[in-house]
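*Asks:* Shown below is the structure under consideration.
The values are calculated or read from the model by the stated rules, or taken from the named source; none is laboratory data. No experiment lies behind these values; they were computed from the predicted model shown. Glycine gets a Cβ as well: all are built from the backbone with ideal geometry, and neighbour counts include every protein chain shown. Heavy atoms of the whole protein, side chains included, go into the accessibility calculation; ligands, DNA and RNA do not. Shrake-Rupley method; radii C 1.70, N 1.55, O 1.52, S 1.80 Å.
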Amino acid sequence: MRYPTLILSAICMLFTAGAASAEKRVAFVVGNGAYKNVAPLPNPSVDAKAIAATLRNVGFEVVEGSNLTRDKMTERLLDFGKKAQGADVALFFYAGHGIAISGTNYLLPIDADIKSEMDVKLGAAINIDLTLEQTMGDAKVKLVFLDACRDNPFAAKIKSNSATRSVNVQTGLAEMKSGEGTLIAFATGPGQTALDGQEGGNSPFTRALLANLTQPGVEIQQAMTKVRAQVNEETSKGQLPWGHTNLIGSVYLNGAPAPGAVAAAAPAAGASKASDVELEFWRSIKDSNKPEELNAYLSNYPNGQFRSLALSRIASLESGAKDATRNLSTGIDPATFKEEANQTTEDQIGLDKGQRRDVQRRLTGLGFDTKVSGQFDQATRGVITRWQAARGYPKSGYLNRLQHKALLTEIVAAAPTASSDEERPAPKRRAPSTVQAQPQGQSQPPPQRQHSNPGPDPAGAGRFIGGVVGGMLR
């Protein structure tokens with residue numbers, strides 16, 4: 001009697017696989033960073049390439065582009081619109097500059113030269129609402145991810161050229177409501193700015209999407225809860241992704257869980273106790289340029305939350321890929337790359353405590369995390385050295401006038417506001433807890449957290465300490 005049962009099971013599996021492969025999935029993925037009329041952004045094209053590769057791995061046909069002009073971006077959108085007609089899932093991802101004027105959001109091509117509201121309205125920017133309606137309108141499921149909440153570099157120009165009347169130009173993007181069958185996710189809340197991340201890497205929002213969006217058997221809204229928790233944790237609560245959803249069913253990008261999987265997953269809840277240790281381990285080596293440190297993470301957590309990110313970074317380091325990095329030297333005095341810095345040159349700048357805090361906040365905003373204390377201790381000196389090495393400046397851990405000026409010219413996403421707490425020891429990291437799903441059609445609040453109490457793991461602790469020490473010595 002077993003054989004007929006096995007045959008029927010095999011037939012069912014074949015039909016399920018055939019149905020999955022027949023699903024039409026199309027994605028638009030673009031990253032704009034090499035802007036011609038404002039300072040460039042380090043990472044959008046890197047973000048777009050990583051997202052495109054991830055989506056192709058789960059069956060998406062991807063219309064991809066990096067650093068597109070207005071005309072080239074329009075071409076890609078027309079192509080995407082044709083391919084997305086009748087799609088089961090249409091996905092839209094954009095990384096780069098965006099702008100909100102009077103509550104309407106626009107994406108900025110790299111040749112945008114916006115001096116007034118009229119420039120935007122006459123087509124220098126791309127209206128997001130119209131774009132989504134025209135390209136994804138008849139798709140069954142519409143997923144929109146906007147990593148476009150960087151600080152708006154055109155806001156000051158628009159305001160200065162609109163002296164005769166009031167123009168509402170927001171710092172970040174404006175709130176958007178999703179239609180039926182749609183999920184919209186922003187890198188941060190309405191009117192706020194998001195971090196771009198360390199040069200040559202991914203932004204915190206994109207990094208969290210890569211880690212969670214295509215996890216096997218994870219429903220999209222559960223994945224976004226994890227994305228919010230990860231970004232909130234990694235940015236020390238300085239950035240919280242925001243979203244709005246009107247999905248009318250469960251959406252899985254990498255296979256629905258098998259029957260009984262939910263019940264079987266219950267014992268695994270205990271495994272989350274190790275997430276505190278894993279997260280601290282990952283933080284200690286995530287920006288490392290040493291493959292052996294990333295491999296140490298994979299050895300300790302072969303199925304860890306950041307496995308795909310570790311493998312991707314190792315591959316990038318081993319291939320020596322330089323095309324993922326951005327040239328930030330435009331407009332920098334050439335002498336900056338030659339003049340040495342020491343305690344004397346730094347004293348000549350005359351930085352007071354507030355200015356030192358500003359330096360520390362800027363370094364953190366650029367992805368070189370450091371404590372904002374107003375004191376240049378040994379840890380801060382190490383971070384300055386890493387920043388100098390990344391920019392090609394002489395490495396010393398001290399600043400001179402040229403390097404300080406160069407740091408001030410770099411675009412930094414909004415960091416947490418300074419407070420008296422900055423000089424206090426940072427609180428212990430806590431693992432994000434499970435958050436109940438919000439009712440459909442409502443904005444999603446920050447995830448609530450619970451204290452976790454990870455059990456002992458002597459071997460893991462040894463490797464973790466080694467990773468931390470290695471990170472401090474870089």
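*Asks:* Would segment 69-83 turn up any residue that is assigned to a loop (DSSP other than H, G, I, E, B) and within 23 Å of PHE154 (Cα to Cα)?
*Replies:* The first filter runs over segment 69-83 and keeps only residues assigned to a loop (DSSP other than H, G, I, E, B), leaving 69.
Filter once more, keeping what is within 23 Å of PHE154 (Cα to Cα): 69.
The answer is yes; a qualifying residue exists.
*Asks:* Can you tell me which residue within segment 107-131, out of those that are open to solvent by 60 Å² or more (accessible area, probe 1.4 Å) and in a helix (DSSP H, G or I), is nearest to ARG76 (Cα to Cα)?
*Replies:* Out of the qualifying residues, it is LEU130.
*Asks:* Give the residues of segment 40-65 that are under 17 Å from the mean Cα position of the chain (by Cα) and either within 25 Å of LYS24 (Cβ to Cβ) or among the charged types (D, E, K, R) (or both), sorted by residue number.
*Replies:* Selection gives ASP47, ALA48, LYS49, ALA50, ILE51, ALA52, ALA53, THR54, LEU55.
*Asks:* Looking at segment 79-106, which of its residues are open to solvent by less than 30 Å² (accessible area, probe 1.4 Å) and without any contact (Cβ under 8 Å) to a residue 24 or more places away in the chain?
*Replies:* To start, the set of residues in segment 79-106 that are open to solvent by less than 30 Å² (accessible area, probe 1.4 Å) comprises 80-81, 84, 87, 89-101, 105-106.
Listed by number, the list holds a single entry, TYR106.
*Asks:* Another one. Restricting attention to segment 224-261, and to residues there that are buried (at least 21 other Cβ atoms within 10 Å of the Cβ) and aliphatic (A, V, I, L, M), which single residue is nearest to the chain's Cα centre (by Cα)?
*Replies:* The qualifying residue nearest to the chain's Cα centre (by Cα) is VAL231.
*Asks:* What is the one condition in (1) hydrophobic (A, V, I, L, M, F, W, C); (2) more than 24 Å from GLN215 (Cβ to Cβ); (3) modelled with pLDDT of 95 or more that PHE28 does not satisfy?
*Replies:* Checking PHE28 against (1) hydrophobic (A, V, I, L, M, F, W, C); (2) more than 24 Å from GLN215 (Cβ to Cβ); (3) modelled with pLDDT of 95 or more, the one that fails is (2).
*Asks:* Looking only at residues in segment 336-376 that are of a type in the set (Asp, Glu) and open to solvent by less than 70 Å² (accessible area, probe 1.4 Å), which one is modelled with the highest pLDDT? Quick ask: steps written out before the conclusion?
*Replies:* Applying the first criterion (of a type in the set (Asp, Glu)) to segment 336-376 yields 339-340, 346-347, 352, 358, 369.
Imposing the further condition that a residue be open to solvent by less than 70 Å² (accessible area, probe 1.4 Å) reduces the set to 346, 358.
On the way: GLU346: 93, ASP358: 90.
Within segment 336-376, the match that is modelled with the highest pLDDT is GLU346.
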